[in-house]
Amino acid sequence: MAAVAENLPAAAEDQEPQCEAVPSLENQRRQIENGESGRERPLRAGESWFLVEQHWYKQWEVYVQGGDQDSSTFPGCINNAKLFEDQVNWCLKKGLVEGEDYVLLPAAAWHYLVSWYGLEHGQPPIERKVVELRGFCKVEVYPVELLLVQHSDMGTPHTAEFSQTDSIDLVSCTAREQFLVSPQEETRLWVEKAQGSFERLCNTRVTVFDAALKSGQLIIMETRSKDGTWPSAQTHAVNRASKEDEDFQGQPGICGLTNLGNTCFMNSALQCLSNVPQLTEYFLKNRYLEELNFCNPLGMKGEIAEAYADLVKQAWSGHHRSIVPQVFKTKVGHFASQFLGYQQHDSQELLSFLLDGLHEDLNRVKKKEYVELCDAAGRPDQEVAQEAWQNHKRRNDSVIVDTFHGLFKSTLVCPDCGNVSVTFDPFCYLSVPLPVSHKRVMEVFFVSMDPRRKPEQHRLVVPKKGKISDLCVALAKHTGVSPERMMVADVFSHRFYKIYQLEESLSSILDRDDIFIYEVSGRSAICENSREDVVLPIYLRERTPARDYNNSYYGLMLFGHPLLVSVPRDRLSWDSLYHILLYRLSRYVTRPSSDDEDDGDEKADLEDKDSIPKPGHVARGSSQDPGPEQAGPSSRVAGGSRAPVDNSPGPSHWPQRARRKHLFTLQTVNSNGTSDRSNFNEDTHAQPYIAIDWEPEMKKRYYDEVEAEGYVKHDCVGYCPSCKQHQLATKKLDLWKLPETLIIHLKRFSYTKFSREKLDTLVEFPIRDLDFSEFVIKPQNESAPELYKYDLIAVSNHYGGLRDGHYTTFACNKDSGQWHYFDDNSVSPVTENQIESKAAYVLFYQRQDVARRLQPQASLSDPPAPPACGPPPNSELMDLN
């Protein structure tokens with residue numbers, strides 16, 4: 001803070017002029033006006049100059065120019081009374097003008113005059129400093145008066161004076177001292193601008209002049225809350241903590257992130273980075289404040305680093321179950337337009353941007369020098385590598401480089417001349433290509449015509465660009481059933497969503513679809529006049545007792561798995577179909593005993609020899625799905641044709657009365673499994689769907705639900721279907737220097753000119769002891785094997801496909817050593833055996849020597865510390881299946 005000259009004691013106010021030392025008037029004039037000690041002396045930054053009242057100085061000039069020491073023009077003691085507002089606080093008047101109200105004298109000239117003439121009793125000298133602003137020196141007559149207030153008490157300002165060359169850090173220190181803020185508390189400053197707006201004083205290393213602060217401006221000091229938030233941000237938060245959460249105290253770091261709309265990719269990257277121990281400690285202990293780089297043209301003016309620091313402090317305060325990363329999302333979109341809006345993005349791409357942004361915002365190199373890259377030119381690798389790393393650090397020196405950067409050895413061989421070029425290049429993460437397979441693994445359920453056999457789950461390997469027929473051929477190798485005797489259907493919500501044609505592409509089937517392949521007779525219908533079998537889609541329905549609605553479909557609910565049943569054309573009667581279906585259901589439907597049988601009028605009905613409506617033609621594997629839009633929003637429409645339904649008796653050729661059988665009744669329905677035809681103008685010759693309708697009591701008595709839902713797994717389920725064994729696949733990289741934290745990016749997304757796809761290859765990776773010693777070509781320190789061994793600390797997962805994927809995170813808490821699963825704002829503990837999956841996308845590994853260094857020193861009496869994350873060591877290498 002600038003010295004307040006008005007309050008300084010008068011150094012020579014009581015001194016009488018020493019006549020024997022007083023020079024002649026001419027010499028006085030020369031000493032004061034000219035020479036190194038006089039008014040003509042050039043201004044030098046940091047020197048002190050003094051104000052002298054203009055009238056007194058003019059009187060002195062007349063006196064010395066007259067040449068008579070006994071003249072009546074003698075000026076007397078220096079008197080600056082006209083320059084002060086009052087003679088109590090000795091505050092300088094506002095608006096004084098040099099040459100009209102005062103003159104400026106260098107320190108030597110001032111002290112000469114005081115020694116010759118003295119200073120009026122009680123008056124302080126008016127000392128001011130010379131400051132250099134943008135290359136020009138000036139005497140700062142008026143220091144900048146700032147009004148300091150606390151955010152929590154805006155009504156009590158404190159006035160303090162500062163030189164324009166004082167740093168904002170000095171303003172902050174002054175405010176902290178004034179308001180008794182403890183060293184452990186973090187603060188930041190705001191300045192009030194015009195019209196009541198406020199602006200952050202981010203860079204505390206700039207001067208008051210550079211920050212354009214003016215006298216009278218209000219400076220607000222804000223103190224971070226214990227939960228890591230800033231009070232000023234709470235009023236603008238997307239959601240506020242409820243009263244119940246105000247006193248919440250949980251494990252630091254176990255904090256979810258709200259999904260703002262397709263921002264799971266960002267949340268996943270942030271959770272991984274937040275669980276890198278040394279980086280998080282760097283922010284929690286405020287070491288980043290001293291390294292913020294506000295002038296780096298490649299950076300983001302420190303804004304990304306500050307926004308990330310705010311997130312870390314909130315997540316690790318232990319006072320939040322979840323937080324809303326809205327401010328961070330806005331900052332990211334501002335500096336990287338590709339992340340604007342709320343489209344889905346790649347977590348690795350966001351991570352790459354964030355690491356680069358944090359590095360440049362925290363780069364200790366303020367002015368990057370030009371560095372010429374040099375080839376090895378036959379020099380030893382050690383020499384070339386050291387030179388390359390030093391050159392890298394001359395331009396890039398930050399906590400990100402300290403934590404994540406390593407060094408590759410790159411060897412290029414010219415195929416023509418055989419020239420070998422060796423360079424050493426830094427890297428921030430390893431991108432590992434995965435084996436690209438032209439095969440696809442699909443899981444299906446096979447339903448045999450033999451009612452005694454349960455459905456079988458099969459895992460089949462098929463061409464990625466294959467057809468439905470390829471799926472049938474692959475299944476035939478497991479079952480021995482000819483592909484010509486198979487029909488493929490997508491089953492959803494107890495009905496057929498689609499019945500596929502053999503020539504359709506397999507790409508229309510998603511991994512999450514439930515695919516059933518039914519065995520049918522080899523005599524499927526080809527045309528209307530064929531005498532071969534008809535394949536009927538069969539649904540199961542149960543009448544709901546609560547809502548009947550005159551036997552309409554609203555009182556019936558679908559249940560169980562639908563069937564595709566082959567029926568000979570000459571047996572297309574209700575009686576024949578009843579017995580065929582009773583046979584097909586015999587594994588889980590109990591036949592009634594003879595004592596329970598009561599045909600009654602039923603036999604008369606059957607003697608009518610009524611037939612089921614015959615389809616015009618049935619093509620095996622046909623798909624005649626009208627589309628979901630015709631079935632309404634609440635249901636998916638099955639493939640195949642539909643038969644019209646009329647609840648009136650109708651002619652004998654076409655009966656529609658629901659025939660009550662002893663166990664169930666049969667009813668023709670549409671592909672959606674309902675009897676309502678009001679919305680459809682259907683072909684009366686279309687293939688019928690048949691519903692088996694159960695009364696609740698009969699279903700409970702004769703239908704075994706547990707047995708009906710049972711299935712068995714074929715031997716192909718449970719191990720690699722392509723090679724029948726685990727395969728070890730590694731990509732050898734010339735690694736020279738490994739970083740403290742190694743990021744491994746598994747390149748699951750494949751983009752070509754003609755296609756885009758995601759690789760669901762299973763990558764087996766160890767939780768502990770990932771050993772890189774055999775891959776590092778730099779001469780190793782055999783006494784420190786931990787320099788080459790890594791433990792897993794976080795995983796970014798991607799589930800789903802390219803268009804509808806979702807990102808989550810597994811991470812090991814640095815304090816507790818417990819693994820947790822982060823799914824946006826939901827956080828739950830997990831065990832290590834849950835971490836490895838096909839969804840693993842970006843892996844974070846911590847070098848073991850770093851983990852030991854970060855562990856607090858335990859006393860000799862303390863028990864051995866548990867492993868950083870997880871159970872016994874596992875020395876496996878990466879395994880790609």
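A few notes on this one:
- Applying the condition of being open to solvent by 60 Å² or more (accessible area, probe 1.4 Å) and part of a loop (DSSP other than H, G, I, E, B) to the range 768-785 and asking which residue is farthest from residue 408 (Cα to Cα) yields 783.
- Residues of the range 827-843 that turn out to be aliphatic (A, V, I, L, M) and assigned to a loop (DSSP other than H, G, I, E, B), as a count: 3
- Tabulated pairs, the range 28-39, first over 20 Å from residue 66 (Cβ atoms), second open to solvent by less than 50 Å² (accessible area, probe 1.4 Å) and at pLDDT 90 or above, C-beta under 8 angstrom, 6+ apart or interchain: 36/108; 37/106; 37/108; 37/109
- Residues (in contact (Cβ under 8 Å) with a residue 60 or more places away in the chain and either among the charged types (D, E, K, R) or open to solvent by 50 Å² or more (accessible area, probe 1.4 Å) (or both)) located in the range 79-91: 89, 91
- Just one of (1) surrounded by 15 or more Cβ atoms within 10 Å (Cβ to Cβ); (2) within 27 Å of residue 230 (Cβ to Cβ); (3) of a type outside the set (Ser, Thr, Tyr) fails for residue 127. It is (2).
- Any chance residue 490 is open to solvent by less than 40 Å² (accessible area, probe 1.4 Å), over 17 Å from residue 564 (Cα atoms), among the charged types (D, E, K, R) and touching a strand residue (DSSP E or B) at 6+ places or on another chain (Cβ under 7 Å): no
- The range 303-360, residues that are under 13 Å from residue 233 (Cβ atoms) and in contact with a Leu (Cβ under 6 Å, 6 or more places away or on another chain): 325, 328
- Summed over the range 458-468, the residues that are within 27 Å of residue 535 (Cα to Cα), open to solvent by 40 Å² or more (accessible area, probe 1.4 Å) and outside any strand (DSSP E or B) give a count of 0.
- Of all residues in the range 572-590, exactly one satisfies the criterion of being of a type in the set (D, E, K, R), more than 16 Å from residue 520 (Cα to Cα) and either in a helix (DSSP H, G or I) or in contact with a Cys (Cβ under 7 Å, 6 or more places away or on another chain) (or both), namely 575.
- Test: residue in the range 49-59 that is under 60 Å from the mean Cα position of the chain (by Cα) and modelled with pLDDT of 90 or more: yes
- Residues that are in contact with an Asp or Glu (Cβ under 8 Å, 6 or more places away or on another chain) and without any contact (Cβ under 8 Å) to a residue 40 or more places away in the chain within the range 387-438 comprise 388, 394, 395, listed in sequence order.
- Given (1) closer than 30 Å to residue 161 by Cα; (2) open to solvent by 50 Å² or more (accessible area, probe 1.4 Å); (3) out of contact with any Leu (no Cβ under 9 Å at 6 or more places or on another chain); (4) modelled with pLDDT under 90, number of the condition residue 34 does not satisfy: (1)
- Flag for residue 474 being modelled with pLDDT of 95 or more, aliphatic (A, V, I, L, M) and either open to solvent by less than 20 Å² (accessible area, probe 1.4 Å) or within 30 Å of residue 741 (Cα to Cα) (or both): no
- Checked against (1) open to solvent by 40 Å² or more (accessible area, probe 1.4 Å); (2) within 21 Å of residue 433 (Cα to Cα); (3) of a type outside the set (Gly, Ala, Ser); (4) touching a Leu at 6+ places or on another chain (Cβ under 8 Å), residue 795 meets all criteria but (1).
- Of 413, 432, 365, 441, all but one fail to be over 30 Å from residue 716 (Cα atoms) and modelled with pLDDT of 85 or more; the exception is 365.
- Annotation note: Cβ proximity below 8 Å between a residue of the range 238-260 that is more than 27 Å from residue 279 (Cα to Cα) and open to solvent by 40 Å² or more (accessible area, probe 1.4 Å) and a residue that is of a type in the set (Phe, Trp, Tyr) and modelled with pLDDT under 95 (sequence gap 6+ or interchain) occurs for 241/248.
- Residue within the range 263-271 that is assigned to a loop (DSSP other than H, G, I, E, B) and under 20 Å from the mean Cα position of the chain (by Cα) present: yes
- Filter result for the condition that a residue is under 26 Å from residue 258 (Cβ atoms), more than 21 Å from the chain's Cα centre (by Cα) and at pLDDT 90 or above, over 791, 815, 769, 824: 815
- Breaking point among (1) more than 24 Å from residue 61 (Cα to Cα); (2) among the basic types (Lys, Arg); (3) surrounded by 13 or more Cβ atoms within 10 Å (Cβ to Cβ), for residue 94: (3)
- The range 509-521: number of residues that are within 32 Å of the chain's Cα centre (by Cα) and at pLDDT below 90: 3
- Members of the range 53-101 that are within 14 Å of residue 28 (Cβ to Cβ) and among the β-branched types (Val, Ile, Thr): 62, 64, 73, 78
- Within the range 408-457, the set of residues being in a loop (DSSP other than H, G, I, E, B), open to solvent by 50 Å² or more (accessible area, probe 1.4 Å) and among the polar types (S, T, N, Q) comprises 419, 437.
- Contact map, the range 287-312: residues that are in contact (Cβ under 8 Å) with a residue 40 or more places away in the chain and farther than 21 Å from residue 185 by Cα paired with residues that are surrounded by fewer than 21 Cβ atoms within 10 Å (Cβ to Cβ) and aromatic (Phe, Trp, Tyr), Cβ distance under 7 Å, separation 6+ or inter-chain. Pairs shown: 300/335; 301/294; 304/335.
- Residues that are aromatic (Phe, Trp, Tyr) and buried (at least 22 other Cβ atoms within 10 Å of the Cβ) were ranked within the range 288-318; the one that is nearest to the chain's Cα centre (by Cα) is 308.
- Taken across the range 815-832, residues that are touching a Lys or Arg at 6+ places or on another chain (Cβ under 7 Å) and open to solvent by 10 Å² or more (accessible area, probe 1.4 Å) do not occur at all.
- Within the range 136-169, considering residues that are among the acidic types (Asp, Glu) and assigned to a loop (DSSP other than H, G, I, E, B), the one farthest from residue 102 (Cα to Cα): 166
The values are calculated or read from the model by the stated rules, or taken from the named source; none is laboratory data. Here the structure is a predicted model, which is why all the values come from computation and not from measurement. No Cβ is skipped: glycine too gets one built from the backbone with ideal geometry, and neighbour counts run over all protein chains shown. The protein model used for the area step is the full one, side chains on, heavy atoms only, and it has no ligands, DNA or RNA in it. Shrake-Rupley method; radii C 1.70, N 1.55, O 1.52, S 1.80 Å.
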